[in-house]
There are 2 protein chains.
Amino acid sequence: MPTTPQNMEEHLALFEQACRAAGLRVTHQRLQVYRQLALLDTHPTAEILHQELRKKIPTISLDTVYRTLATFAAHGLINKVETIESQARFEVALMRHHHLICSSCKTIMDFQWQSVDDALLPSEVSAWGRIDTRSVVVYGICHTCLQQTPLPGK
Amino acid sequence: MPTTPQNMEEHLALFEQACRAAGLRVTHQRLQVYRQLALLDTHPTAEILHQELRKKIPTISLDTVYRTLATFAAHGLINKVETIESQARFEVALMRHHHLICSSCKTIMDFQWQSVDDALLPSEVSAWGRIDTRSVVVYGICHTCLQQTPLPGK
DNA sequence: TTCTTGACAAGAATAATTCTTATCTAGTAA
DNA sequence: TTACTAGATAAGAATTATTCTTGTCAAGAA
């Protein structure tokens, strides 16, 4: 769920408001980390973001990227996406959606599934405590990978 | 989804069959790793399993536990559970179920949600490629944690 | 029983992430 | 505007989960 360059300014303004509301200082690094993440729809890792960010801020440290992403995620400004890889992946938290992961090429796609978003959770779940979010992860093999290797292992 | 000691023998026999069917050798270590995992309903980490296993096999290495879990997961004999922690967690793959994760104490609970298991996926997803599994992860705060700290952060 | 290949143990190595420390800066108050 | 202070950053060291390497061993086939 990326943002196009056209509405980036307005998106960043909203983000800045959200930061202040959360008691977070609005720093150049934070704005740029968020901006870079919003530009990409590839669920980048901290490492990938760092490489991109260094083009604009040559001195930015990888640790800052990690710390900034962790801070944003802790305040619900972005999502840390669950994956099967060891490296964590991130995305802006704009719209409720779910994930489709190709077990072969590891690409993560977003999709929406309104009926699950709206569905009542089983009563045992409601009884468990306070529910905040629900997320569906679907695993499979994408068309591209299916064509490359006719019968990949499950 | 653990196994009670009562039906453990039959469960292990089934597991042994599944191993042979997958072309995996049935070793003492593999049986014990699987048995220990089946006994626990706490979604243990490789480290926790290793600690338990050393009581029975003092010489078993942590690497063997990791390798064995990875091998089982690759053959669908167990599941690697997606978590918000850095350490991976595992469970036997007995029955289709979903996960409930407490953002505070990080405990993982299993639950079933038949209607989602049966629900038709959005057409864009079916068009994407071959679908293997779907898994719902619900985040919230469990009752125990809610009572300890009246208003924990989201 | 023998043989072969996959599995194992031990310890070294790697890779992702986090910590430490000194410096800097956003936002506040004078 | 200026000075102040808590929170943010950079750099590099440290940590932690996981994987690799090497030599040995044993499951299961012949």
message: Against the condition within 9 Å of DNA strand D (Cβ to nearest atom), among the polar types (S, T, N, Q), within 14 Å of chain A (Cβ to nearest Cβ) and more than 14 Å from the chain's Cα centre (by Cα), how does B:S61 come out, does it pass?
response: no
Hits in the range A:88-118 - residues which are more than 13 Å from the chain's Cα centre (by Cα) and within 16 Å of DNA strand D (Cβ to nearest atom): A:S103, A:K106
- request: Give just the number: which of (1) exposed (fewer than 15 other Cβ atoms within 10 Å of the Cβ); (2) in contact (Cβ under 8 Å) with a residue 24 or more places away in the chain; (3) in contact with a strand residue (DSSP E or B) (Cβ under 8 Å, 6 or more places away or on another chain) does B:D117 not satisfy?
  value: (2)
field: Checklist (1) under 20 Å from the mean Cα position of the chain (by Cα); (2) facing chain A (nearest Cβ under 7 Å) applied to B:E52, failing item
entry: (2)
query: Among the residues of the range B:124-141, is there at least one that is out of contact with any strand residue (DSSP E or B) (no Cβ under 9 Å at 6 or more places or on another chain) and surrounded by fewer than 15 Cβ atoms within 10 Å (Cβ to Cβ)?
result: yes
query: Considering the range A:118-139 alone, what residues qualify as being under 16 Å from B:C145 (Cβ atoms) and touching a helix residue (DSSP H, G or I) at 6+ places or on another chain (Cβ under 9 Å)?
result: A:A127, A:W128, A:G129, A:R130, A:I131
query: Any residue at all in the range A:104-125 that is assigned to a strand (DSSP E or B) and more than 7 Å from chain B (Cβ to nearest Cβ)?
result: yes
Filtered residues of the range A:53-69 (kept if more than 10 Å from DNA strand C (Cβ to nearest atom) and crowded, with 18+ Cβ neighbours inside 10 Å): A:L53, A:I60, A:T68
statement: A:Y66: passes all of (1) free of Cβ contacts under 8 Å to residues at least 60 places away in the same chain; (2) out of contact with any Leu (no Cβ under 9 Å at 6 or more places or on another chain); (3) over 14 Å from A:P44 (Cα atoms); (4) more than 10 Å from every other protein chain (Cβ to nearest Cβ) but (3)
query: What is the one condition in (1) within 10 Å of chain B (Cβ to nearest Cβ); (2) under 18 Å from B:I84 (Cα atoms) that A:W128 does not satisfy?
result: (2)
- prompt: In this structure, is B:M1 at pLDDT below 90, surrounded by fewer than 18 Cβ atoms within 10 Å (Cβ to Cβ) and within 26 Å of B:D132 (Cα to Cα)?
  reply: yes
statement: By residue number, the members of the range A:33-58 that are within 13 Å of DNA strand D (Cβ to nearest atom) and either touching a Lys or Arg at 6+ places or on another chain (Cβ under 6 Å) or among the β-branched types (V, I, T) (or both) are A:V33, A:I57
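The values are calculated or read from the model by the stated rules, or taken from the named source; none is laboratory data. If you're wondering where the values come from, they're calculated on a predicted model, not measured in any experiment. Using ideal geometry, Cβ is built from the backbone for each residue, glycine included, and neighbour counts are taken over all protein chains shown.
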